Amino acid sequence: PSYFTGDDNLPVECVTWDDVQKFITKLNQITGKKYRLPTEAEWEYAARGGNKSRGYRYAGSDTIDDVAWFEENSNDKTHPVGLKKPNELGLYDMSGNVEEWCWDWFGEYIPEAQINPTGPASGYYHITRGGTFHYDATSMSLISRIGSPLDHRMYYTGFRLVEGELPQQEEPEVDPLEA
């Protein structure tokens with residue numbers, strides 16, 4: 001479905017959230033494995049470098065040109081994955097190139113510490129993360145997040161898969177005296 005073609009290492013783009021779900025269903029049937037979109041928390045943890053994080057502003061560096069294809073260096077197109085530096089976990093293009101669909105519905109961050117939050121139970125927008133070749137440098141920051149409608153099909157929206165079941169949402173502890 002991609003708008004940009006000509007190199008097998010270009011990221012897939014021009015896919016809606018539903019397109020990705022259909023692809024995952026077929027992939028899982030063919031492989032017998034359980035692939036899925038990452039939750040927003042999983043995506044951010046991986047982009048930040050996991051337990052090897054050095055606290056960078058972008059995925060793998062504080063210097064955007066080292067790790068991201070964005071408005072100022074992309075010539076308004078995608079580029080083959082792996083041409084920029086990876087982050088601390090060896091993952092490429094977590095900042096820039098294409099924004100990536102996440103599993104979660106868009107919602108506000110809850111300020112309390114959480115383990116593997118999965119966002120609201122329903123909504124109209126799903127999360128996309130990572131910024132794109134079409135956006136400016138501020139959109140490449142690891143804190144940048146966008147809510148996109150399910151039928152959002154743009155030449156800068158792609159995806160990244162993880163293997164395994166969705167994590168279980170931790171139930172918040174409630175003080176019985178306050179309940």
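Going by what's in this entry, would GLY164 be described as touching a Ser or Thr at 6+ places or on another chain (Cβ under 7 Å), on the phi > 0 side of the Ramachandran plot and either open to solvent by less than 60 Å² (accessible area, probe 1.4 Å) or free of Cβ contacts under 8 Å to residues at least 40 places away in the same chain (or both)? No: the conditions fail for GLY164.
Scanning region 23-40 for residues that are open to solvent by less than 30 Å² (accessible area, probe 1.4 Å) and either without any contact (Cβ under 8 Å) to a residue 60 or more places away in the chain or under 23 Å from ILE143 (Cα atoms) (or both) returns ARG36, LEU37, PRO38, THR39, GLU40. Step by step: first the residues of region 115-131, then only those that are polar (S, T, N, Q) and out of contact with any helix residue (DSSP H, G or I) (no Cβ under 8 Å at 6 or more places or on another chain), then the one that is least open to solvent (accessible area, probe 1.4 Å). Which residue is that? By that ranking, first place goes to THR128. Filter region 132-144 down to the residues that are touching a residue at least 12 places away in the same chain (Cβ under 8 Å) and either open to solvent by 50 Å² or more (accessible area, probe 1.4 Å) or in contact with a Gly (Cβ under 7 Å, 6 or more places away or on another chain) (or both) and list them by number. THR132, PHE133, HIS134, ASP136, SER139, MET140, SER144, listed by residue number.
If the condition is being without any contact (Cβ under 8 Å) to a residue 60 or more places away in the chain and touching a strand residue (DSSP E or B) at 6+ places or on another chain (Cβ under 6 Å), then region 106-121 contributes PHE106, PRO120.
A single member of VAL12, VAL20 is open to solvent by 40 Å² or more (accessible area, probe 1.4 Å) and under 15 Å from VAL98 (Cα atoms), and it is VAL12. Of the residues making up region 79-99, those that are charged (D, E, K, R) and either open to solvent by less than 50 Å² (accessible area, probe 1.4 Å) or closer than 17 Å to SER139 by Cβ (or both) are LYS84, GLU88, ASP93, GLU99.
When restricted to residues that are open to solvent by 80 Å² or more (accessible area, probe 1.4 Å) and either modelled with pLDDT under 95 or out of contact with any helix residue (DSSP H, G or I) (no Cβ under 9 Å at 6 or more places or on another chain) (or both), region 66-75 contains 1.
The values are calculated or read from the model by the stated rules, or taken from the named source; none is laboratory data. In this text, all values refer to a predicted model and were calculated from it rather than measured experimentally. When we count neighbours, we look across all protein chains shown, and the Cβ atoms used for this are built from the backbone with ideal geometry, even at glycine. Remember, those area values only see protein heavy atoms, side chains included, never the ligands or the DNA or RNA. Shrake-Rupley method; radii C 1.70, N 1.55, O 1.52, S 1.80 Å.
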